[in-house]
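Notes for the one structure printed next.
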Amino acid sequence: MKNLKLWSLLVFIVTLCFISCNEDEEIDPNPDASCPELSFTQEGEELLANFEGIDTLEFYAWNITGEPLGEETITENEGINNQGDNTFSLENLEPGTYNICLVSENANCTIADFCKEIIIEEDNGNDSCPDLKYTKEGEYLFADFEGIDTIEFYAWNISGESLGNEVIIENEGTDNQGDNKFSLDSLQPGIYEICLVSENVSCTFTEYCEEIVIEKDEDNCPELDFFSEGSVAVARFPGLNDVAVYEWFVNDELVETEDINQGRDNELDLRSYTPGTYNVCIKATTEDCSQGVEFCDSVVVREGDGNGGGDACPQVSFVEEGTTLIANFPGINDVTVYEWFVDGQLVEIEDNRTQDRDDILDISSFGFGTFNVCIKAETVDCPQGIEYCSEITISEPEPVDCSVFDVEYVIISEREFMDARTIRLNMDKSTVFWSINGVDLPQTIFTQIQILNLNDHISEPGTYEVCYRGVSRSCGNLEKCVTINFQGL
């Protein structure tokens, strides 16, 4: 009987434990029911986590994958245990398509996630460039583009033949307390290219240029002019009879003086000259124009203009388009063969009977300088031949001042940057590298420009050596290192 009571007590204890275990399972049958409902939104180049309960969630993280990252996954922890800012910046991602997720887990949540596909578009680097512009009023150029009162930096760049290799630079913008205008008073007479240029963190480079002509102070000088009728040059300009004496020059040689007291005819006859092109000028000095004034133009003397030619000769000629000369005259297709000469040397034969006739001569390979170019032709009706010649000048490209290259540490709006001064140096972006303490930064669209955002690459204040290097198509290899005191603003 005693054993039976003991056995009954044991059965009761086992049953009680079984019931207790079943009650424990019913307390939390689904641990993932406590997972947060994660979500985020995009604002420009920033993703913002904004789900309910974010202020009390101990841990969640951003997980970024995508083809531009290869096998890499970017992870950024957030939540009150990580003191995160609940945002993720897209600024440093290469263009491409990414799967971006918020993920979370805790004791009551195996895993929760919220994902979106985000596309990063190709950035041309100039989306935030100002639309520069200026206008001329009297002796001043006034910058008058939209946003001028807030732009931190822009500059006037003035170049021209009268300045030689010099470039005048005048800085403007809120950082330079400029007056937004440029005075033309100090410029000598001539033709200038005057540009507004600007660059900033979000604008690689932009410019607005115009060709500005500074006239000579010749208000009292006569406006000389002449026109040609065949091989005869005829002077005709306002106030011709008020100019008592003027002179004719051919290829800089004085050939005739027109004096109102000696029955002048105001004409210069070049029919006795051999066929060709001549630089003809008229020059005059008057009481009101003591410095003198001149007007020059080309006069073409052709076969048949009284120099032994015939009317049946083709009127050969060509036009100039840079270093390309294009034969262009009436009946060109009826001239079976003609020849190109440069400084008296035969350089090309154009023949209708061959397949390579293009009526074009490219003289770019002749280098820089002035060349006498002629086309000559003989036909059945023009056995003595005819030619047309012109002086062609190939100018050297404007030299680039490579000494402007520099690397500077700058602070703008409480952010720290390095600025490589490479405007106009024609950098090959594929060769541009920034390095910090001897370690090259990976090449991205954000590191292949002249401005480096240090806050993206340095996390702790301290002393760092930052270097820039790249290849300029105008100046060759460029490199400079600067030791900076990064403040971590």
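Observations, loosely collected:
- Flag if Ser228 is touching a residue at least 40 places away in the same chain (Cβ under 8 Å), over 24 Å from the mean Cα position of the chain (by Cα) and in a strand (DSSP E or B): yes
- Residue, surrounded by the most Cβ atoms within 10 Å (Cβ to Cβ), within segment 406-442, restricted to residues that are among the polar types (S, T, N, Q) and within 22 Å of Ser474 (Cα to Cα): Thr422
To keep it simple, each residue is scored yes or no on (1) touching a Ser or Thr at 6+ places or on another chain (Cβ under 9 Å); (2) of a type in the set (A, V, I, L, M); (3) surrounded by 11 or more Cβ atoms within 10 Å (Cβ to Cβ); (4) not assigned by TED's automatic domain parsing to the domain that holds Val167.
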| site | (1), (2), (3), (4) |
| --- | --- |
| Thr336 | yes, no, yes, yes |
| Thr354 | no, no, no, yes |
| Lys376 | no, no, yes, yes |
| Gly385 | yes, no, yes, yes |
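- Filter pass, Val342 being surrounded by 15 or more Cβ atoms within 10 Å (Cβ to Cβ) and touching a helix residue (DSSP H, G or I) at 6+ places or on another chain (Cβ under 7 Å): yes
- Restricting segment 250-267 to residues that are under 26 Å from Phe341 (Cα atoms) and either touching a strand residue (DSSP E or B) at 6+ places or on another chain (Cβ under 7 Å) or aromatic (Phe, Trp, Tyr) (or both), the residue that is surrounded by the most Cβ atoms within 10 Å (Cβ to Cβ): Val250
- Selection over segment 446-476 of residues that are closer than 24 Å to Val404 by Cβ and either of a type in the set (A, V, I, L, M, F, W, C) or in a loop (DSSP other than H, G, I, E, B) (or both) gives a count of 14.
- In segment 268-301, residue modelled with the highest pLDDT [restricted to those that are surrounded by fewer than 17 Cβ atoms within 10 Å (Cβ to Cβ) and of a type in the set (A, V, I, L, M, F, W, C)]: Cys296
- Screening segment 57-82 for residues that are closer than 26 Å to Asn108 by Cα, aliphatic (A, V, I, L, M) and touching an Asp or Glu at 6+ places or on another chain (Cβ under 9 Å) and picking the one that is surrounded by the fewest Cβ atoms within 10 Å (Cβ to Cβ) gives Ile80.
- Options Ile375, Ile411, Ile392, Ile349; residue that is part of a strand (DSSP E or B) and closer than 30 Å to Ser435 by Cα: Ile411
- For segment 252-306, the tally of residues that are of a type in the set (Phe, Trp, Tyr) and in a strand (DSSP E or B) stands at 2.
- Looking across segment 178-190, the residues that are surrounded by 15 or more Cβ atoms within 10 Å (Cβ to Cβ) and more than 14 Å from Glu166 (Cα to Cα) come down to Gly178, Asn180, Lys181, Phe182, Leu184.
- Scan of segment 414-445 for residues that are part of a loop (DSSP other than H, G, I, E, B) and either closer than 25 Å to Glu121 by Cβ or out of contact with any helix residue (DSSP H, G or I) (no Cβ under 9 Å at 6 or more places or on another chain) (or both), ordered by number: Glu414, Asn426, Asn437, Gly438, Leu441, Pro442, Gln443, Thr444, Ile445
- Within segment 59-164, strands (runs of 3 or more DSSP E) holding 1 or more residues that are without any contact (Cβ under 8 Å) to a residue 24 or more places away in the chain: 74-78, 109-120, 134-137
- Residue in segment 191-214 that is in contact (Cβ under 8 Å) with a residue 24 or more places away in the chain, over 30 Å from Glu152 (Cα atoms) and surrounded by fewer than 15 Cβ atoms within 10 Å (Cβ to Cβ) present: no
- Output for segment 315-346, where each listed residue is in a strand (DSSP E or B) and either in contact with a Pro (Cβ under 6 Å, 6 or more places away or on another chain) or of a type in the set (S, T, N, Q) (or both): Thr324, Gln345
- Residues that are out of contact with any helix residue (DSSP H, G or I) (no Cβ under 9 Å at 6 or more places or on another chain), modelled with pLDDT of 85 or more and surrounded by fewer than 17 Cβ atoms within 10 Å (Cβ to Cβ) within segment 102-126 comprise Val103, Glu105, Asp113, Cys115, Lys116, Glu117, Ile119, listed in sequence order.
- Residue ID - modelled with the highest pLDDT, chosen from residues in segment 302-318 that are touching a Gly at 6+ places or on another chain (Cβ under 7 Å) and surrounded by fewer than 14 Cβ atoms within 10 Å (Cβ to Cβ): Asp311
- Which numbered condition Ser34 misses (of (1) surrounded by 12 or more Cβ atoms within 10 Å (Cβ to Cβ); (2) at pLDDT 85 or above; (3) of a type in the set (Ser, Thr, Tyr)): (2)
- The residue pairs whose first member lies in segment 355-368 and is in contact (Cβ under 8 Å) with a residue 24 or more places away in the chain, whose second member is assigned to a loop (DSSP other than H, G, I, E, B) and of a type in the set (Asp, Glu), and whose beta carbons are closer than 7 Å, counting only pairs six or more residues apart or on different chains, are Phe368/Glu396.
- Identity of the residue in segment 461-475, modelled with pLDDT of 90 or more and more than 13 Å from Ser435 (Cβ to Cβ), that ends up surrounded by the fewest Cβ atoms within 10 Å (Cβ to Cβ): Thr463
- Scanning segment 172-214 for residues that are in contact with a Lys or Arg (Cβ under 6 Å, 6 or more places away or on another chain) and over 14 Å from Leu141 (Cβ atoms) gives a single hit, Pro189.
The values are calculated or read from the model by the stated rules, or taken from the named source; none is laboratory data. None of the values given here were measured: they were computed from a predicted structure. Note that we place each Cβ from the backbone using ideal geometry, even for glycine, and neighbour counts take in every protein chain shown.
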